[in-house]
Amino acid sequence: MEQIIVEEEINERIDSYLSKKLDFSRSKVVKMLDTCILVNGNKVKNSYIVKENDLIQIDEYIEDEMIAIP
C-alpha cells in the first residue's frame, strides 16, 4: 500500500492531482478511485478537491485484461 500525505493546499481535483503525482492517465485514476484509493479512510468521487493534510491510501490496482476474440 502506498500512502501520500498532501503537504500544501492544492485546490485541485483528486483525479488530476494523482494523475500527475503517479504518472497515470486520469481515466485510470478514476477507475482506481472506485476500487483501491481512500482519502482519510473514505472513498471519494473523482471530483473531490484535495486538501492540505489529506492522507491518500492506494492499494495495489489490478487492471482487467482485455481478451481479443477472433
Q.
Just checking my list (i) -0.78, -0.81, -0.98, -1.12; (ii) -0.61, -0.68, -1.09, -1.44; (iii) -0.52, -0.57, -1.00, -1.58 against log10 I(q)/I(0) by the Debye sum over Cα atoms at q = 0.16, 0.17, 0.23, 0.29 Å⁻¹ computed from this structure; which label fits?
A. (iii)
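Sort VAL30, VAL39 from largest to smallest accessible area, using a 1.4 Å probe on the heavy atoms of the protein chains.
Working: VAL30 50, VAL39 5 Å².
So, going from the largest accessible area down, we get VAL30, VAL39.
For the chain, give the percent of accessible area contributed by carbon and sulfur heavy atoms, probe 1.4 Å, rounded to a whole number. Intermediate results must be reported in sequence, preceding the final value.
Numbers: 2500 of 5200 Å².
Carbon-and-sulfur percentage of accessible area, whole number: 48.
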Q) Rounded to the nearest 500, what is the chain's calculated 222 nm mean residue ellipticity when only DSSP H runs of at least 4 contribute -39500 (n - 2.57) each, over all residues? A) -8000 deg cm²/dmol
Q) In a solvent-free Debye calculation with one equal scatterer on each Cα, what is log10 I(q)/I(0) for segment 1-41 at q = 0.14, 0.23, 0.30 Å⁻¹, listed in the order of the q values? A) -0.29, -0.82, -1.30
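The values are calculated or read from the model by the stated rules, or taken from the named source; none is laboratory data. In this text, all values refer to a predicted model and were calculated from it rather than measured experimentally. Side chains included, ligands, DNA and RNA excluded: accessible areas come from the protein's heavy atoms. Shrake-Rupley method; radii C 1.70, N 1.55, O 1.52, S 1.80 Å.
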